[in-house]
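Structure first, commentary second.
The values are calculated or read from the model by the stated rules, or taken from the named source; none is laboratory data. This is a predicted model, so every value here is computed, not measured. So basically every Cβ, Gly included, is an ideal-geometry build from the backbone, and we count neighbours across all protein chains shown. Ligands, DNA and RNA are excluded from the accessible area calculation, which covers all protein heavy atoms including side chains. Shrake-Rupley method; radii C 1.70, N 1.55, O 1.52, S 1.80 Å.
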Amino acid sequence: MRKRKYGWLAGSAMVSALVLSACGGGGDEEAGGDGEETYDWRFVTEENEGQVQYEYAEEFANRLNEKSDGRINMDVFEFGGLGSEVDQVEQLQNGAVEFAIVSPGFTGTMVEEGQIFSLQFLLPDDQEVTHQLLNESEALNEDLAALYEESGILPLSFWTEGATQWTGSRELTEPEDFEGFRMRTQDSPLNQRSYEAYGADPTVMSAGDLYGALQQGTVDGQENPIFFIQDSSYHEVQDYMTISNHNTYVAMTTVNPDFYNDLPEDIQGMIDETVDEMRDESYALQERLNEELLTDIEENTDTPTEVTELTEEQRDAFRELAVPQRDFFAETAEKTQRLFWKSLKEKSKKWKVEKHPNNL
């Protein structure tokens, strides 16, 4: 499949105008040599080549191309190719791009219920259980998806990129370590509130600006899955990394709903089939990258980073401060919360995994 790599462009309006003038609006459709329509679509991600989202999108595009006998061609864009995370969401909503991988954390001010993924120490510690929960939860795949669709974003699946960890300019092993700590967060009020509960000073910032901010000391630390920390070289400008497993980084495979609903049934079927196939593929990909790149961080002698894993007792100290944030979430998302809690309990019982009582 074709790959496009672009530098940063200034503003979503400029990007949208460029795409629309070059491509004639939404996905191009024309008759092929055998009389069947062909399709040229765009798929934007929040990550770069070699990282989970981009590799997912490339495999997704290749499979659709094969299923359609070459009728469907998708250009996959690395992060920054069409602007910031916010720009990409806007382009998906207005139809300038057809597909996008979106992190709910960047849409917390748009769909408040999506902030459920900012609740720390909520999802199961076992990533396999979380994987099943994201695949099967009615609260997420029906109720929450419907709320996003009302905002011009149709989630086709929710999936994990792995547990999130902390890096910092100082060691982070107890809540007191966050006092006055400038923590980079996504634009989610609940995410910011969670770090304020630890005593931190949350700072909203695009991932595109984060490396420089860490290097210059504009912010003191950040949270991400291990693979993203290593591949983005954050560990090279941070002295400490804490294996906290305080949350799971959840991604959504999304499509513009008007575009999707206007497609022929056979094309929709190919998309749906590919979405289902990619559920286990994405899980295996993140598992491999997170394991391999943790070793790379630990064995890096050029810019050594001290790696510390929290004990369960240390995690309990953070969990005690994190649990009250669920009441704040429940005020605006009662139905989603109720169904989600039910799904979480059912999956934990089904997989016979012992959980801390405050996880449920």
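The residues of region 183-200 that are open to solvent by 30 Å² or more (accessible area, probe 1.4 Å), of a type outside the set (K, R) and over 18 Å from R170 (Cα atoms), listed by number, are D187, P189, Q192, A197. Would a scan of region 249-265 turn up a residue that is outside any strand (DSSP E or B) and closer than 23 Å to T301 by Cβ? Scanning region 249-265, I find no residue that is outside any strand (DSSP E or B) and closer than 23 Å to T301 by Cβ, so the answer is no.
The single condition among (1) part of a loop (DSSP other than H, G, I, E, B); (2) modelled with pLDDT of 95 or more that E277 does not satisfy is (1).
Residues that are among the charged types (D, E, K, R), at pLDDT below 95 and surrounded by 13 or more Cβ atoms within 10 Å (Cβ to Cβ) are absent from region 301-323. Just the residues that are touching a residue at least 12 places away in the same chain (Cβ under 8 Å) and either hydroxyl-bearing (S, T, Y) or open to solvent by less than 50 Å² (accessible area, probe 1.4 Å) (or both), please, taken from region 254-263. Within region 254-263, T254, V255, N256, P257, F259, Y260 qualify. Condition check: among the small types (G, A, S), open to solvent by 20 Å² or more (accessible area, probe 1.4 Å) and farther than 13 Å from W41 by Cα. Does S103 satisfy that? It is false that S103 is among the small types (G, A, S), open to solvent by 20 Å² or more (accessible area, probe 1.4 Å) and farther than 13 Å from W41 by Cα. Filtering region 131-154 for residues that are in contact with a Gly (Cβ under 7 Å, 6 or more places away or on another chain), open to solvent by 10 Å² or more (accessible area, probe 1.4 Å) and among the small types (G, A, S) leaves an empty set. The set of residues in region 40-73 that are assigned to a strand (DSSP E or B) and touching a Gly at 6+ places or on another chain (Cβ under 9 Å) comprises D40, W41, R42, V44.
The criterion of being surrounded by fewer than 18 Cβ atoms within 10 Å (Cβ to Cβ), outside any helix (DSSP H, G or I) and among the small types (G, A, S) does not hold for G269. Only residues that are modelled with pLDDT under 95 and either open to solvent by less than 10 Å² (accessible area, probe 1.4 Å) or of a type in the set (V, I, T) (or both): list them for region 86-95, please. Selection gives V86, Q88, V89.
Put simply, of T173, T203 the only residue that is surrounded by fewer than 21 Cβ atoms within 10 Å (Cβ to Cβ) and touching a Lys or Arg at 6+ places or on another chain (Cβ under 9 Å) is T203.
Of all residues in region 241-252, those satisfying the criterion of being over 9 Å from the mean Cα position of the chain (by Cα) and more than 14 Å from D125 (Cα to Cα) are M241, T242.
Within region 52-78, being more than 14 Å from S282 (Cβ to Cβ) and touching a helix residue (DSSP H, G or I) at 6+ places or on another chain (Cβ under 7 Å) holds for L64, K67, S68, I72, N73, M74, V76, E78.
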